[in-house]
Amino acid sequence: MAYSVKIKNILRQFNKKIPFLQPVYESIVNSLEANATNIIVEFTEEKLLALVDEQNVPIDKKITGFKITDNGDGFNKKNLDSFKDYLSDTKLSLGCKGVGRFTWLKVFEDIKVESHVNGMLVKFDFNENTSLDDIEETTIPALGTNKTIIYFNDVSMNYLERLKSGKIKVDKREIADIEQIAQKVEDYLLPKLFLLKEEQH
């Protein structure tokens, strides 16, 4: 059952600083919990014409968004209902509080979901103006195999803010260093993988 509450109000309840990579962590965990055996995360980085600033100081490219694709259960009726239910207890035994997907919106303002599941397509935009009650299954035919793709775009002003001149005032985005990102993901996932393994016994 969907919880009739505005997403804007939900986001105001997150007072803690959320790591820029939190949506990456949450998305991978969701894929694992959805029994995915193939998970692909593709990052996009900013396009810099020069790798040095006006003072000739080296500039590190930053992550501007990412896409995650998996072959898990997808947004079937059970998972879709859970997604729409604020504070869902579906994954309570795994230590989940039912709010992970809302942390996505603290970091990225534009999220698009496309889930091919059971021969049907579930497709919707997820942002602070989305009405959870309006997200529904569709009758659009989809691919024969399960495949879910989620696109994360438009870094929020919490992590990237520019002055009117175009100069950056705040930049808390992750440096586009795949090895460093992979290590952070691994460090985050280890305890989650242990809980998943315990859940399966």
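Derivation of every value follows stated rules applied to the coordinates shown; laboratory data play no part. Since the model is a prediction, treat every value here as computed from it, not as a measurement.
Bridgeable lysines around Lys164 (alpha carbons under 24 Å apart, same-chain partners fewer than 8 residues away excluded): Lys47, Lys61, Lys62, Lys106, Lys172. Phi angles across the stretch 16-32 convert, under the Karplus curve 6.51 cos²θ - 1.76 cosθ + 1.60 with θ = phi - 60°, into 3J(HN,Hα) values of 6, 6, 9, x, 4, 7, 3, x, 5, 4, 4, 5, 5, 4, 4, 5, 5 Hz, Gly and Pro given as x. Computed from phi, the 3J(HN,Hα) profile of the stretch 109-126 under the Karplus parametrisation 6.51, -1.76, 1.60 (θ = phi - 60°) reads 8, 10, 10, 10, 10, 9, 10, 8, 9, 6, x, 10, 10, 10, 9, 7, 8, 10 Hz, with x in place of Gly and Pro.
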